[in-house]
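Before any comments, here is the structure.
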């Protein structure tokens with residue numbers, strides 16, 4: 001079974017169940033970062049690309065995909081139906097063609113049997129469309145673990161495909177057995193019924209049934225003379241004047257009857273069952289609650305509200321053990337998400353060997369290049385401090401947290417970064433509640449690595465052009 005839609009749905013459902021044990025903040029940062037990576041690459045994030053990303057994160061040692069067990073179970077079910085169907089097809093055809101030399105092989109029995117096969121095929125498809133699951137007790141007997149809600153919704157269509165595959169193998173082996181028996185034995189066909197029926201009425205029925213293939217194989221559409229000549233009765237009277245060769249002229253009709261009445265419908269309905277599985281899988285994935293939550297996390301920036309839980313009625317936790325530290329003498333400055341735009345004033349940029357931008361409109365690749373540049377500068381600079389200017393009124397984001405974590409892993413050991421929240425007016429300090437959120441953020445994300453400092457406001461006045469004069 002190589003159905004991509006079904007495999008994607010099962011893997012996504014299993015991954016969503018595992019994510020139920022993760023913290024919402026972690027899921028938000030992880031999925032938001034994936035969405036930003038897709039945006040950088042010009043791709044649209046969707047469950048398929050997300051699952052490929054998750055599989056890549058898991059690595060080669062993660063083992064088999066979560067869908068492998070379910071797909072393997074249904075592969076065994078399909079194989080079992082196909083083997084049983086193939087065996088029953090041979091036995092059924094041998095029974096229909098049983099001929100002891102005294103009695104004729106009745107065409108009427110063939111018509112009834114093919115009609116019964118067509119009815120079974122249609123009922124199997126109808127069962128899957130209405131969601132009826134007559135096989136559920138049997139499946140529970142062969143499967144010990146309980147299925148998820150998604151698997152239960154897929155069972156009707158999956159079982160219908162298994163039944164159609166069994167019916168298809170039944171029809172294939174039956175047709176093969178018929179052709180082999182025609183070659184190996186001198187079969188004698190005829191028609192008879194207890195109900196009083198004349199040859200003309202029976203020929204009309206045969207002509208109607210044979211009309212789809214009469215133009216392709218005229219010999220498979222019996223003429224009235226053959227119908228009239230091959231009628232037999234239970235007592236066997238009236239057969240002495242019939243040419244014995246005429247009893248075997250029915251085999252082309254029987255072959256096409258079986259092919260179009262038993263084989264082709266099973267093949268078409270088997271293809272339809274596969275299409276229904278793909279459609280059901282796509283619909284279930286589109287309506288999956290975890291998919292809606294995933295798309296929300298990818299579209300919404302991750303914010304640090306100060307709460308340890310998601311109870312909206314609580315006020316943010318403002319307790320912190322950190323204090324504002326003096327502004328370090330750093331030669332490297334980073335501007336996060338537009339802080340200091342269009343450029344830093346001379347009072348803040350003076351003496352800096354490197355001033356770079358990060359976050360905001362910068363791509364993840366550009367942020368990584370900035371971290372590498374800073375690491376090279378720190379390797380040749382005695383001072384291991386870096387200033388990171390932010391906008392005080394904007395809350396810390398998950399992207400900033402990921403950036404700082406990457407900085408700690410990339411920069412030399414002993415490096416420190418000072419968060420400098422800038423107010424809307426540089427000659428004033430940010431509001432206390434704005435500073436508090438940055439203190440809480442530094443305490444939570446990088447204690448010992450991240451500090452919070454403010455720009456000294458004494459002796460600093462704005463000039464007439466909007467700059468800063470000391």
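Looking at segment 37-50, which of the residues that are in a helix (DSSP H, G or I) and surrounded by fewer than 18 Cβ atoms within 10 Å (Cβ to Cβ) is nearest to the chain's Cα centre (by Cα)?
Checked segment 37-50; the qualifying residue nearest to the chain's Cα centre (by Cα) is 48.
Could you check, for segment 358-379, whether at least one of its residues is closer than 16 Å to residue 420 by Cα and not in a helix (DSSP H, G or I)?
yes
Would you check if residue 336 is touching a helix residue (DSSP H, G or I) at 6+ places or on another chain (Cβ under 8 Å) and either farther than 17 Å from residue 425 by Cα or crowded, with 20+ Cβ neighbours inside 10 Å (or both)?
yes
Restricting to segment 410-434, and then to whatever is at pLDDT below 85 and in a helix (DSSP H, G or I), can you tell me which residue is nearest to residue 300 (Cα to Cα)?
For segment 410-434, the residue satisfying everything is 434.
Would you say residue 330 is under 43 Å from the mean Cα position of the chain (by Cα), modelled with pLDDT of 75 or more, assigned to a loop (DSSP other than H, G, I, E, B) and surrounded by 15 or more Cβ atoms within 10 Å (Cβ to Cβ)?
In short, no.
So which residues in segment 185-217 are more than 25 Å from residue 103 (Cα to Cα) and either touching a strand residue (DSSP E or B) at 6+ places or on another chain (Cβ under 7 Å) or surrounded by fewer than 12 Cβ atoms within 10 Å (Cβ to Cβ) (or both), if there are any at all?
Residues satisfying the conditions are 208, 211, 215, 216.
Whether any residue in segment 429-451 is under 14 Å from residue 332 (Cβ atoms) and either surrounded by fewer than 19 Cβ atoms within 10 Å (Cβ to Cβ) or in the same structural domain as residue 346 (by TED's automatic domain parsing) (or both) is what I want to check.
Scanning segment 429-451 turns up no residue that is under 14 Å from residue 332 (Cβ atoms) and either surrounded by fewer than 19 Cβ atoms within 10 Å (Cβ to Cβ) or in the same structural domain as residue 346 (by TED's automatic domain parsing) (or both).
For every residue, the table says whether it meets (1) touching a helix residue (DSSP H, G or I) at 6+ places or on another chain (Cβ under 9 Å); (2) closer than 25 Å to residue 10 by Cβ; (3) assigned to a helix (DSSP H, G or I); (4) at pLDDT 90 or above.
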| site | (1), (2), (3), (4) |
| --- | --- |
| 219 | yes, no, yes, no |
| 233 | no, no, no, no |
| 240 | no, no, no, no |
| 253 | yes, no, yes, yes |
| 258 | yes, no, yes, yes |
| 277 | yes, yes, yes, yes |
| 306 | yes, no, no, no |
| 310 | yes, no, no, no |
| 313 | no, no, no, no |
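Run down 176, 207, 171, 245 and say which single residue is at pLDDT below 70, more than 30 Å from residue 12 (Cα to Cα) and assigned to a helix (DSSP H, G or I).
Exactly one of 176, 207, 171, 245 is at pLDDT below 70, more than 30 Å from residue 12 (Cα to Cα) and assigned to a helix (DSSP H, G or I), namely 245.
List the number of the failed condition for residue 302; all other conditions in (1) at pLDDT 80 or above; (2) closer than 30 Å to residue 8 by Cα; (3) in contact with a helix residue (DSSP H, G or I) (Cβ under 7 Å, 6 or more places away or on another chain) hold.
Evaluating residue 302 over (1) at pLDDT 80 or above; (2) closer than 30 Å to residue 8 by Cα; (3) in contact with a helix residue (DSSP H, G or I) (Cβ under 7 Å, 6 or more places away or on another chain) leaves (1) as the failure.
Just one of 129, 118 is assigned to a helix (DSSP H, G or I) and either outside the structural domain of residue 274 (by TED's automatic domain parsing) or at pLDDT 90 or above (or both); which is it?
Going through 129, 118 in turn, the sole match is 118.
Scan segment 341-358 for residues that are within 45 Å of the chain's Cα centre (by Cα) and within 25 Å of residue 380 (Cβ to Cβ) and jot them down.
Within segment 341-358, 355, 356, 357, 358 meet the criteria.
Just name the residue that is farthest from residue 330 (Cα to Cα) out of those in segment 392-404 that are within 32 Å of the chain's Cα centre (by Cα) and part of a helix (DSSP H, G or I).
Out of the qualifying residues, it is 398.
If residue 98 satisfies all but one of (1) loosely packed, with under 14 Cβ neighbours inside 10 Å; (2) assigned to a helix (DSSP H, G or I), what's the number of the condition it fails?
Against the list (1) loosely packed, with under 14 Cβ neighbours inside 10 Å; (2) assigned to a helix (DSSP H, G or I), residue 98 comes up short only on (2).
Residues 373, 391: which one is in contact with a strand residue (DSSP E or B) (Cβ under 7 Å, 6 or more places away or on another chain), assigned by TED's automatic domain parsing to the domain that holds residue 437 and surrounded by fewer than 16 Cβ atoms within 10 Å (Cβ to Cβ)?
Testing whether each residue is in contact with a strand residue (DSSP E or B) (Cβ under 7 Å, 6 or more places away or on another chain), assigned by TED's automatic domain parsing to the domain that holds residue 437 and surrounded by fewer than 16 Cβ atoms within 10 Å (Cβ to Cβ) leaves just 373.
Check 441, 389 and return the single one that is in a helix (DSSP H, G or I), touching a helix residue (DSSP H, G or I) at 6+ places or on another chain (Cβ under 9 Å) and under 30 Å from residue 41 (Cβ atoms).
Being in a helix (DSSP H, G or I), touching a helix residue (DSSP H, G or I) at 6+ places or on another chain (Cβ under 9 Å) and under 30 Å from residue 41 (Cβ atoms) holds for just one of 441, 389, which is 441.
The values are calculated or read from the model by the stated rules, or taken from the named source; none is laboratory data. Please read all numbers here as calculations on a predicted model, not as lab measurements. Neighbour counts run over all protein chains shown; Cβ positions are idealised from the backbone, glycine included.
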